[in-house]
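K.L.:
Quick one: structure below, then a few questions.
The values are calculated or read from the model by the stated rules, or taken from the named source; none is laboratory data. What you are looking at is a predicted structure, and each value in this text was computed from that prediction instead of being measured. Using ideal geometry, Cβ is built from the backbone for each residue, glycine included, and neighbour counts are taken over all protein chains shown. SASA here: full protein model, heavy atoms, side chains in, ligands and nucleic acids out. Shrake-Rupley method; radii C 1.70, N 1.55, O 1.52, S 1.80 Å.
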Amino acid sequence: MSTKRILSVKDLSTHYFTSKGVVKALDDTNFDINGGESLGVAGESGCGKSTMALSLLRMVQPPGKIVKGSIKIGGLDVAQLSEKDARRKLRWQKISMVFQGAMDIMTPVYTVGYQMKEPLKYHKDIRGQKADEICMRYLDMVDLDPELFYRYPHELSGGQKQRIVIATALLLEPDLVIFDEPTTALDVVVEARIMNDLKRLKKELNNGMIFITHDLSILAEISDNLAIMYAGWIVEHGSASRIYKNPRHPYTQKLIAAIPRLHKDIDRLEYIPGAPPELTNPPKGCRFHPRCEHAFAKCSQVEPKEYFEDGVMVRCHLYGDD
Amino acid sequence: MPQTIVKARKLRKEFEISQSFMQSLRKKPKLKVKAVDGIDFDIYERKSMGLVGESGCGKTTVGKLVMKLLDATSGELYVKGQDVTKLNDKRGIKAYRRMAQMIYQDPFSSLDPRFKVYDILEEPLLIHKIGDTMDERRALIEKALEDVRLTPPDEFIDRYPHMLSGGQRQRVAIARCLILNPDFIVADEPVSMLDVSVRAELLNLMKDLIEIQDLTFLYITHDISTTRFFTDYIGVMYLGDIVEQGPVAQVLDNPIHPYTQALLTAVPEPEPDRLDRVKEIPIKGEIPSGTNVPQGCRFHTRCPYTKDICKKTPPSNKEPLEKGHKAKCHFAGDIEYKLRVIKLGEGGKAEKVEEIKPEDISY
Ligand SMILES: Nc1ncnc2c1ncn2[C@@H]1O[C@H](COP(=O)(O)OP(=O)(O)OP(=O)(O)O)[C@@H](O)[C@H]1O
Ligand SMILES: Nc1ncnc2c1ncn2[C@@H]1O[C@H](COP(=O)(O)OP(=O)(O)O)[C@@H](O)[C@H]1O
Ligand code: SF4
Ligand code: SF4
Ligand SMILES: [Mg+2]
Ligand SMILES: [Mg+2]
């Protein structure tokens, strides 16, 4: 199997310039994704997950702006792209995205087929019979009856609609698909089936995938690699299996311990006291220090740098030798 | 024997579906949704019972029946010995509402944005005429805030809901219940909208309250993993009926109803070493509409083990394993719970089926 580099993100920072100050939603972010590989992104709400996804698509809305860094995908540098090129060359073709609740934005007055064919027409000028065939092939690929092509959204269940959105995101064979909370609104049985489909498709299509969710159990099902975010930083990044089994960063340790287990009796759930900081004025030094039970003097003064151990990046003063 | 706080027998709730104008002109018979279709359960004092199942299976309706926010179509529902289905005078209902309280899912809409925390917590006191003076009420309000660990109370008492985080808002909602010193709380998805860590913190708190304040809980959720931690007893609902119930560890570790078995295989677990395997989910198609509950066993249209008898005769509860662990399936106890995964090869093709043994489950 090829391990083609699909995406390369370097030193990426995205800020929102609001009247209350600069929201540092994403700072100094580095990661790569190869073909057939998936990256799971986890962290509390407001930590910058969606901002990261929108940055990759060049869809950050004002007052937000990419302030630093580069995003390379298929010969394009996303950060430098004009809006016109982002629309023509980047979105759908190189990167597509399935948003949370995407199934609710299907227009009720058009058939499924009509809505699926739009990107084919716009980006590849494929129409008519040929477009119909491609769409039906993708419906089949996400385990739906191709006949659904002729139906209207209101005739479908939430799970069916979500799969149609996924099929549409795959239509133009993008190098990378981003899923932001793709199954949050769905029941477990439907969710498990969709996760099964995505695992299969990842092998079949050999593209890159990014999964964003606050649910670490879901991420365990699908992620080769994991990025744990806290207050705009990736604080730990590397092989999902290594991180689940041996989380290094104090934040990751707590997040994993907070997951309630189906087959284990637990007396008390772990949690992280306090709340995440305002990103207009993040704590000095390590952004996690006010909530960290391992914090020591240096933590409130010096920003921890990326440190690599056993192939896992961790951003914490407990690791490294300086 | 612990005292029973809630006892439901053949409890039933039907809703008539609103018809379009054309339908009513054609005098079509009105459609009925059997939202809760004759359920039985008991909740014991200072215990918590979880109710799980897919969207639309009737969990919230059960909660509302217990809260007397809806009137039952038929059946009995005893709360502390009193049949609340027969309760219909205003004073009786008001007294009942003081004893039983409800926490809702959405901490963002369940609190009135125009009221400060103080006013939100004072309202139930005024309605129920508790605390004669403002000082007395303020003391009760501060105590309630301390109980939910919003401390020091002074820091929170004058805030509006928008000045609180989601977790803090849900604490205020819990404080609003506790302030009336209830015996019984219905919590409908109280933590589903919250982040993992905040969720864990609140579940810990609610569990402590059971001990400290002698509370009994009906905990409604679609997030089954949380029931293992928070509840003692669990009921699994499918299309308006509780198809399996029992002590939580027994039901989750040894499910005997095919529906529970399918539901549990679908629950995501933090197991990172199955990236190239997909789960076999032993359930067919989609959930039928509540207007059209299948004859015989209500699960027969989706069950992988359906036999002729299932299509004709509704199964009654069986207790093949341990007492108190019951399932409504003709073959309960004969159908083994298996977790199967399918290994995917090159290009995503299914290669082989593997069985995962309970002892291999490390999570
Ligand atoms: N007021 C009503 N009028 C008509 N039908 C209703 C009404 N309330 C609920 N129902 C129907 O009763 C059934 C059970 O609904 P209920 O809200 O109890 O489900 P639930 O298990 O709580 O679902 P969820 O997990 O989505 O909250 C559904 O088919 C629903 O559409
Ligand atoms: N359009 C915007 N204007 C100003 N601030 C924003 C905007 N979008 C997001 N933010 C802020 O950026 C931070 C990260 O948000 P987001 O990326 O949405 O987080 P997540 O997806 O992890 O919940 C938060 O502090 C959020 O309030
Ligand atoms: S750098 Fe210090 S405060 Fe930050 S996570 Fe590590 S130990 Fe905790
Ligand atoms: S009674 Fe029959 S159809 Fe119903 S759950 Fe049991 S085996 Fe399946
Ligand atoms: Mg988001
Ligand atoms: Mg509900």
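K.L.:
Could you count how many residues in the stretch A:139-163 are within 17 Å of A:Leu201 (Cβ to Cβ) and away from chain B (no Cβ under 14 Å)?
P.N.:
Residues flagged as within 17 Å of A:Leu201 (Cβ to Cβ) and away from chain B (no Cβ under 14 Å) within the stretch A:139-163 amount to 2.
K.L.:
Return the total of residues in the stretch A:261-299 being facing chain B (nearest Cβ under 10 Å) and under 21 Å from A:Lys49 (Cβ atoms).
P.N.:
Number of matching residues: 6.
K.L.:
On to the next question. If a residue counts only when it is surrounded by 22 or more Cβ atoms within 10 Å (Cβ to Cβ) and within 16 Å of ligand 1 (Cβ to nearest atom), which helices (runs of 4 or more DSSP H) contained entirely in the stretch B:216-310 have at least 3 such residues?
P.N.:
Filter on the stretch B:216-310 gives B:224-230, B:258-266.
K.L.:
Tell me, please, whether a residue that is touching a residue at least 60 places away in the same chain (Cβ under 8 Å), open to solvent by less than 20 Å² (accessible area, probe 1.4 Å), under 21 Å from A:Thr3 (Cβ atoms) and not in a strand (DSSP E or B) can be found in the stretch A:194-205.
P.N.:
Just the residues of the stretch A:194-205 that are touching a residue at least 60 places away in the same chain (Cβ under 8 Å), to begin with: A:201-204.
Restricting the remaining residues to those that are open to solvent by less than 20 Å² (accessible area, probe 1.4 Å) gives A:201-202.
If we keep only those that are under 21 Å from A:Thr3 (Cβ atoms) too, we end up with A:201-202.
Still in the list and also not in a strand (DSSP E or B): A:201-202.
Among the residues of the stretch A:194-205, at least one is touching a residue at least 60 places away in the same chain (Cβ under 8 Å), open to solvent by less than 20 Å² (accessible area, probe 1.4 Å), under 21 Å from A:Thr3 (Cβ atoms) and not in a strand (DSSP E or B), which makes the answer yes.
K.L.:
Let me ask you something else. Looking at the stretch B:288-299, is at least one residue within 8 Å of ligand 4 (Cβ to nearest atom), within 14 Å of another protein chain (Cβ to nearest Cβ) and within 28 Å of B:Gln250 (Cβ to Cβ)?
P.N.:
Yes, some residue in the stretch B:288-299 is within 8 Å of ligand 4 (Cβ to nearest atom), within 14 Å of another protein chain (Cβ to nearest Cβ) and within 28 Å of B:Gln250 (Cβ to Cβ).
K.L.:
Take the conditions within 30 Å of A:Asn225 (Cα to Cα) and out of contact with any strand residue (DSSP E or B) (no Cβ under 6 Å at 6 or more places or on another chain) and apply them to B:Asp273. Does it pass?
P.N.:
Spelling it out, B:Asp273 is indeed within 30 Å of A:Asn225 (Cα to Cα) and out of contact with any strand residue (DSSP E or B) (no Cβ under 6 Å at 6 or more places or on another chain).
K.L.:
Which of the numbered conditions does B:Ile43 fail, given that it passes all the others? Conditions: (1) modelled with pLDDT under 95; (2) part of a strand (DSSP E or B); (3) β-branched (Val, Ile, Thr).
P.N.:
Only one criterion in (1) modelled with pLDDT under 95; (2) part of a strand (DSSP E or B); (3) β-branched (Val, Ile, Thr) is unmet by B:Ile43, namely (1).
K.L.:
Using beta carbons and a limit of 7 Å, which pairs, at least six apart or on different chains, have the first residue in the stretch A:227-244 and aromatic (Phe, Trp, Tyr) and the second one open to solvent by less than 20 Å² (accessible area, probe 1.4 Å) and within 16 Å of ligand 5 (Cβ to nearest atom)?
P.N.:
Listed by first residue and then by second, the contacts come to A:Tyr230/A:Gly43; A:Tyr230/A:Cys47.
K.L.:
Also: Quick one: in the stretch B:88-120, which of the residues that are assigned to a loop (DSSP other than H, G, I, E, B) and in contact with a strand residue (DSSP E or B) (Cβ under 9 Å, 6 or more places away or on another chain) is nearest to ligand 6 (Cβ to nearest atom)?
P.N.:
That would be B:Gln105.
K.L.:
Among the residues of the stretch A:141-153, how many are surrounded by 13 or more Cβ atoms within 10 Å (Cβ to Cβ), out of contact with any Asp or Glu (no Cβ under 7 Å at 6 or more places or on another chain) and not aromatic (Phe, Trp, Tyr)?
P.N.:
The number of residues fulfilling the criteria is 5.
K.L.:
Another one. Among the residues of the stretch B:51-84 satisfying the criterion of being farther than 27 Å from B:Ile224 by Cβ and without any contact (Cβ under 8 Å) to a residue 60 or more places away in the chain, which is least open to solvent (accessible area, probe 1.4 Å)?
P.N.:
B:Val84
K.L.:
I'd like to know if the stretch A:220-239 contains one or more residues that are surrounded by fewer than 24 Cβ atoms within 10 Å (Cβ to Cβ), closer than 14 Å to B:Pro270 by Cβ and of a type in the set (D, E, K, R).
P.N.:
No: the stretch A:220-239 contains no residue that is surrounded by fewer than 24 Cβ atoms within 10 Å (Cβ to Cβ), closer than 14 Å to B:Pro270 by Cβ and of a type in the set (D, E, K, R).
K.L.:
Kindly provide the set of residues from the stretch B:300-328 that are hydrophobic (A, V, I, L, M, F, W, C) and closer than 17 Å to B:Leu252 by Cα, ordered by number.
P.N.:
Matches in the stretch B:300-328: B:Leu321, B:Ala327.
K.L.:
Taking the conditions exactly as written (surrounded by fewer than 12 Cβ atoms within 10 Å (Cβ to Cβ), touching a helix residue (DSSP H, G or I) at 6+ places or on another chain (Cβ under 9 Å) and not basic (Lys, Arg)), does B:Glu346 satisfy them or not?
P.N.:
Spelling it out, B:Glu346 is indeed surrounded by fewer than 12 Cβ atoms within 10 Å (Cβ to Cβ), touching a helix residue (DSSP H, G or I) at 6+ places or on another chain (Cβ under 9 Å) and not basic (Lys, Arg).
K.L.:
Of the conditions (1) without any contact (Cβ under 8 Å) to a residue 60 or more places away in the chain; (2) of a type in the set (Ser, Thr, Tyr); (3) within 9 Å of another protein chain (Cβ to nearest Cβ), A:Thr252 fails just one. Which one is it?
P.N.:
(3)
K.L.:
Got a number for residues in the stretch A:206-219 being facing chain B (nearest Cβ under 8 Å) and either of a type in the set (Gly, Ala, Ser) or in a helix (DSSP H, G or I) (or both)?
P.N.:
Residues that pass the stated criteria total 3.
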